[in-house]
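Written out below as structure tokens is the structure these notes cover.
The values are calculated or read from the model by the stated rules, or taken from the named source; none is laboratory data. If you're wondering where the values come from, they're calculated on a predicted model, not measured in any experiment. Every residue, glycine among them, receives a Cβ derived from its backbone with ideal geometry; neighbour counts consider all protein chains shown. Only protein heavy atoms, including side chains, enter the accessible area calculation; ligands, DNA and RNA are left aside. Shrake-Rupley method; radii C 1.70, N 1.55, O 1.52, S 1.80 Å.
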Amino acid sequence: METKSKKGHFTFRATAVLLMASAVLELLSFTSEVPLLGEIRGGVSAGIYHGVYAALFLGMGVGLWGARKWGYTLVFVTTVLYTLDKLQLVLGHRALETFIKAQMSGFESQLQSQGINEALIMQAIVLMAIVVSFCWWGFALYTWWRRDYFKENG
């Protein structure tokens with residue numbers, strides 16, 4: 001059966017395009033600092049972090065576009081790594097607070113005049129990390145459900 005006629009074709013192709021765009025964005029933010037393992041990391045650590053995500057997203061994009069079996073596996077590998085990354089973000093409160101303070105620097109008065117404070121931003125980031133992790137697991141579940149879409153020979 002041709003891959004184009006299988007259920008999930010549009011979903012996997014659209015996801016592939018978005019993942020490849022995400023890989024490009026990761027490369028564009030190659031030098032951006034990241035909260036990692038309880039600290040704000042820059043330099044080589046941040047470059048490796050962004051490089052790993054760029055490689056994972058690009059690999060998933062190519063694997064999903066071509067309906068490759070290894071692309072199917074990479075969905076689950078990436079989902080687990082992304083979940084662990086977000087878990088360390090949520091549990092590393094001190095690093096997250098430092099990261100938020102650095103991002104808010106110079107805008108404190110404007111944010112406070114709107115009723116936005118550091119605690120509200122922390123809650124929003126934690127909630128976002130949880131929701132997006134659940135979305136990754138939802139996509140992994142969908143991928144498992146449509147596993148017959150992926151070719152055996154690739």
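How much of the accessible area of the range 36-154, in percent, comes from carbon and sulfur atoms when a 1.4 Å probe is used?
Working: 4680 of 6910 Å².
Roughly 68 percent, rounded to a whole number.
How many Å² of accessible area per residue for the chain, probe 1.4 Å?
60
Take the alpha carbon atoms of the range 110-154, find their center, do the same for the range 13-74, and report the distance between the two centers in whole angstrom.
15
Over the range 82-154, with a single point scatterer placed on each C-alpha, what log10 of the ratio I(q)/I(0) does the Debye formula yield at q = 0.13 1/Å?
-0.55
What distance in nm lies between label points placed 7 Å from Cα along the C-beta direction at Lys6 and Ser29?
3.2
List the pair-distance distribution P(r) of the range 35-91, using every Cα-Cα distance, as the percent of pairs falling in each 5 Å bin from 0 up to the bin containing the longest distance, rounded to whole percents.
5, 18, 22, 22, 15, 10, 6, 1
Please find the FRET efficiency linking Lys101 to Val52, where r is the Cβ-Cβ separation and R0 is fixed at 30 Å, and quote it to the nearest 0.05.
Values: r = 26 Å, r/R0 = 0.87.
The calculated FRET efficiency here is 0.70.
To the nearest µm²/s, what D does Stokes-Einstein give for the range 1-82 at 4 °C and 1.567 mPa s, using the Kirkwood radius over alpha carbon pairs as Rh?
Details: Rh = 13.6 Å.
Translational D for this selection: 96 µm²/s.
What's the extension gain from Ser109 to Leu91 if we count 0.36 nm per residue and subtract their Cα-Cα distance?
On the way: separation 18, 0.36 × 18 = 6.48 nm, distance 2.80 nm.
Fully extending the segment from Ser109 to Leu91 adds 3.7 nm.
Evaluate the Debye formula for the chain with equal point scatterers sitting on the alpha carbons, no solvent, and hand back log10 of I(q)/I(0) at q = 0.11 Å⁻¹, in q order, two decimals.
-0.53
Rounded to whole Hz and in sequence order, give me ³J(HN,Hα) for the range 118-126 from the Karplus expression 6.51 cos²θ - 1.76 cosθ + 1.60, θ = phi - 60°, writing x for Gly and Pro.
Result, rounded to whole Hz: 4, 5, 5, 5, 4, 4, 5, 5, 5.
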